[in-house]
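Student: Got a structure for you, questions after.
The values are calculated or read from the model by the stated rules, or taken from the named source; none is laboratory data. The structure presented is a predicted model; accordingly, all values stated were derived computationally and were not measured. Using ideal geometry, Cβ is built from the backbone for each residue, glycine included, and neighbour counts are taken over all protein chains shown.
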Amino acid sequence: MTDEQTGQTGAGVGPGGPAKPKKADLTRRTIVETALRLFREHGYEGTTMRAIASEAGVSIGNAYYYFESKEHLIQAYYGRSNAEHLVACVDALETERDLKQRLLAVLYTKIETAQPYHRFAGQLFKTAADPASPLSPFSSESMPTRREATELMALVVEGSDARVSPELADELPNLLWLYLMGIILFWIHDDSAGCARTFKLIDRTADIVVNLINLSSLTLMRPLVRRAVQLTGELRALAGPGAEPVPGGQERSSE
């Protein structure tokens, strides 16, 4: 994960334990925290870099020194949100081997860690939904976060006891990431108490997804799986470089 994504830089660990954050680290973090607060309060379009700098107590030039634009601050938000999610699902991935339970843990924790930014995510969606926007989760600018999220999905599969069709293995992490994006889109529009409908959707669809993955290992299903994977590759090629796949995990043999 890059420093710009998380809003932090490595402070290092000294002989006496973790080193104190450097002034630059603290300034960067302050700018990110201030930006996220203003985005939540006034929306993405209603917040300027000048306002962020003023609230953070830094000069406008200093704000631009750390982050070239508001878009870079949003990428920092993406990175931090993803980092929080990775930490939240570590225990489940270390102890659970059932594919459905691993997938549920990752989906639940994603929504739980994102919940404080629910209203902000709805405001950001207006911009991120534009395919040409650098804030789109499919943009080249979002590739680092997309790569980490897809690698997480690879871990979900690799650490499970599931038998995955070799034809599907490499593409599966990317498909699971797309599934996660669909869940997030539903969550953005979910106005139920505690986003209960989103959790219900996760419960219902995770079972379907895992059953389809298990069916993919059947010999009779392999030609169909092969054609489906070929189709996704062709569609990605038509979509252009921004839609390049993230390498999946090692191939699993179902035999």
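Student: Working only within the stretch 214-227, note down all residues that are touching a helix residue (DSSP H, G or I) at 6+ places or on another chain (Cβ under 7 Å), closer than 24 Å to Asp98 by Cβ and either of a type in the set (Val, Ile, Thr) or in contact (Cβ under 8 Å) with a residue 24 or more places away in the chain (or both).
Tutor: Ser216, Met221, Arg222, Val225
Student: Are there any pairs, at least 6 apart or on different chains, whose C-beta atoms fall under 6 Å, with the first in the stretch 25-42 and in contact (Cβ under 8 Å) with a residue 40 or more places away in the chain and the second not in a helix (DSSP H, G or I), and if so, which?
Tutor: As it stands, the answer is Val32/Gly7; Phe39/Thr47, since those pairs meet every condition given.
Student: Taking the stated definitions as given, is Asp190 charged (D, E, K, R) and either in contact with a Lys or Arg (Cβ under 9 Å, 6 or more places away or on another chain) or outside any helix (DSSP H, G or I) (or both)?
Tutor: It is true that Asp190 is charged (D, E, K, R) and either in contact with a Lys or Arg (Cβ under 9 Å, 6 or more places away or on another chain) or outside any helix (DSSP H, G or I) (or both).
Student: For the stretch 39-56, name all the residues that are modelled with pLDDT of 90 or more and either in a helix (DSSP H, G or I) or more than 23 Å from Tyr117 (Cβ to Cβ) (or both).
Tutor: If the condition is that a residue be modelled with pLDDT of 90 or more and either in a helix (DSSP H, G or I) or more than 23 Å from Tyr117 (Cβ to Cβ) (or both), then Met49, Arg50, Ala51, Ile52, Ala53, Ser54, Glu55, Ala56 are the ones that fit.
Student: Considering only residues that are farther than 15 Å from Tyr179 by Cβ, buried (at least 18 other Cβ atoms within 10 Å of the Cβ) and not polar (S, T, N, Q), look in the stretch 103-120 and name the one that is nearest to the chain's Cα centre (by Cα).
Tutor: Going through the qualifying residues, I end up with Ala114.
Student: Please list, ordered by first then second residue, the pairs with beta carbon atoms under 8 Å, 6 or more apart or interchain, first in the stretch 85-114 and farther than 27 Å from Ala193 by Cα, second acidic (Asp, Glu).
Tutor: If the second residue must be acidic (Asp, Glu), the pairs left are Arg97/Asp161; Asp98/Asp161; Leu99/Asp161.
Student: Same structure again: Could you pull out the residue among Lys100, Lys126 that is surrounded by fewer than 16 Cβ atoms within 10 Å (Cβ to Cβ) and outside any loop (DSSP other than H, G, I, E, B)?
Tutor: Exactly one of Lys100, Lys126 is surrounded by fewer than 16 Cβ atoms within 10 Å (Cβ to Cβ) and outside any loop (DSSP other than H, G, I, E, B), namely Lys126.
Student: Another one. Residue under question is Pro173, and the condition is that it be surrounded by fewer than 18 Cβ atoms within 10 Å (Cβ to Cβ), touching an Asp or Glu at 6+ places or on another chain (Cβ under 8 Å) and either more than 28 Å from Tyr44 (Cα to Cα) or modelled with pLDDT of 90 or more (or both); does it hold?
Tutor: No.
Student: Let me ask another. Hey, among the residues in the stretch 227-255 that are over 26 Å from Met143 (Cβ atoms) and modelled with pLDDT under 85, which one's surrounded by the fewest Cβ atoms within 10 Å (Cβ to Cβ)?
Tutor: Here the answer is Glu255.
Student: Scanning for something among the β-branched types (Val, Ile, Thr), within 11 Å of the chain's Cα centre (by Cα) and buried (at least 17 other Cβ atoms within 10 Å of the Cβ), does the stretch 130-145 turn up at least one residue?
Tutor: There is at least one residue in the stretch 130-145 that is among the β-branched types (Val, Ile, Thr), within 11 Å of the chain's Cα centre (by Cα) and buried (at least 17 other Cβ atoms within 10 Å of the Cβ).
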